[in-house]
Amino acid sequence: MGFGLLFLGYLIAFLLYLNPYAAVTRLIGYCVIFAALTKLRRHNRWFAFSQTAAIPLMVLALVDSVIDITTRIMGEGTPAAMTAATGGIETAMTLLLLVFHVCLLMAVYTIAQDTDLPSLAAAARRNIVLIAAYAVLHGIWSLPVKLGDSYTVTLSLMVFVLQLIWTVADLILIFRCYMWICLEGDEDMAQKPSRFAFVNRFREKFERHNQKAAAEAEAYAAERRAARGGTKKKRKHKK
């Protein structure tokens with residue numbers, strides 16, 4: 001389907017990269033995301049746009065990985081040009097990531113509308129707003145203006161927290177797409193169990209919750225129908 005692989009790549013690139021080998025981890029995550037988008041792009045043009053943005057991301061992540069490995073090996077002997085390039089790479093990746101995420105969320109939004117899943121469409125719109133807020137805060141934080149140590153620390157914390165929020169929100173949204181969106185050609189495919197036990201547990205709990213909600217909704221609808229039927233009988237009797 002593609003959404004499962006996209007979830008895995010997103011998890012690696014945007015959460016699991018918080019480790020001493022962040023550059024290499026991000027590169028692996030971007031490669032997995034690219035593979036997932038190869039499957040998804042035929043279903044919506046926004047996935048194709050997102051995959052296009054992922055190509056320079058992979059290139060920059062590869063360069064960043066080379067610089068990181070070189071720095072670890074050579075230490076202070078690392079060429080100054082490599083060290084100086086790090087800041088430019090991070091800036092370029094930040095801009096590309098904004099484009100990547102907007103395209104990705106637009107793809108989810110349009111597919112959710114086409115498949116009559118308004119809650120997923122609303123979640124995609126919300127995440128775009130979160131990313132826009134992050135872009136504004138990050139832009140203010142990046143300005144070459146001295147705001148004072150306390151303001152700088154506070155703004156840095158706000159940028160980090162907001163990035164964490166929309167990253168988790170995107171992960172949840174992608175997993176919901178994996179659960180609920182059946183793309184063309186996958187209608188008759190049985191859902192395969194995940195290799196990860198926690199995913200299977202979450203999926204089972206999610207399905208039980210939705211089955212209970214559906215049963216309650218059906219019971220409520222039946223009560224309403226019965227109540228309307230009783231009212232009609234009383235009115236007919238009065239006549």
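Brief remarks on what is shown
- Test: residue in the stretch 104-115 that is open to solvent by 20 Å² or more (accessible area, probe 1.4 Å) and aliphatic (A, V, I, L, M): yes
- Candidate set from the stretch 38-57 (those that are part of a helix (DSSP H, G or I), of a type outside the set (Ser, Thr, Tyr) and open to solvent by less than 40 Å² (accessible area, probe 1.4 Å)); member that is farthest from Ile174 (Cα to Cα): Leu57
- Taken together, the residues in the stretch 66-100 that are out of contact with any helix residue (DSSP H, G or I) (no Cβ under 7 Å at 6 or more places or on another chain), of a type in the set (A, V, I, L, M) and either more than 19 Å from Thr25 (Cβ to Cβ) or modelled with pLDDT under 85 (or both) amount to 6.
- Odd one out for Ala135 among (1) at pLDDT below 80; (2) surrounded by 13 or more Cβ atoms within 10 Å (Cβ to Cβ); (3) not β-branched (Val, Ile, Thr): (1)
- Of Glu76, Glu90, all but one fail to be of a type in the set (Asp, Glu) and either surrounded by 13 or more Cβ atoms within 10 Å (Cβ to Cβ) or closer than 20 Å to Leu57 by Cβ (or both); the exception is Glu90.
- Residue tally, condition touching a Gly at 6+ places or on another chain (Cβ under 8 Å), in a helix (DSSP H, G or I) and hydroxyl-bearing (Ser, Thr, Tyr), over the stretch 13-37: 1
The values are calculated or read from the model by the stated rules, or taken from the named source; none is laboratory data. Note that the structure is predicted; figures quoted are calculated from it, not measured. Note that each Cβ is placed from the backbone with ideal geometry, even for glycine, and that neighbours are counted across all protein chains shown. Side chains included, ligands, DNA and RNA excluded: accessible areas come from the protein's heavy atoms. Shrake-Rupley method; radii C 1.70, N 1.55, O 1.52, S 1.80 Å.
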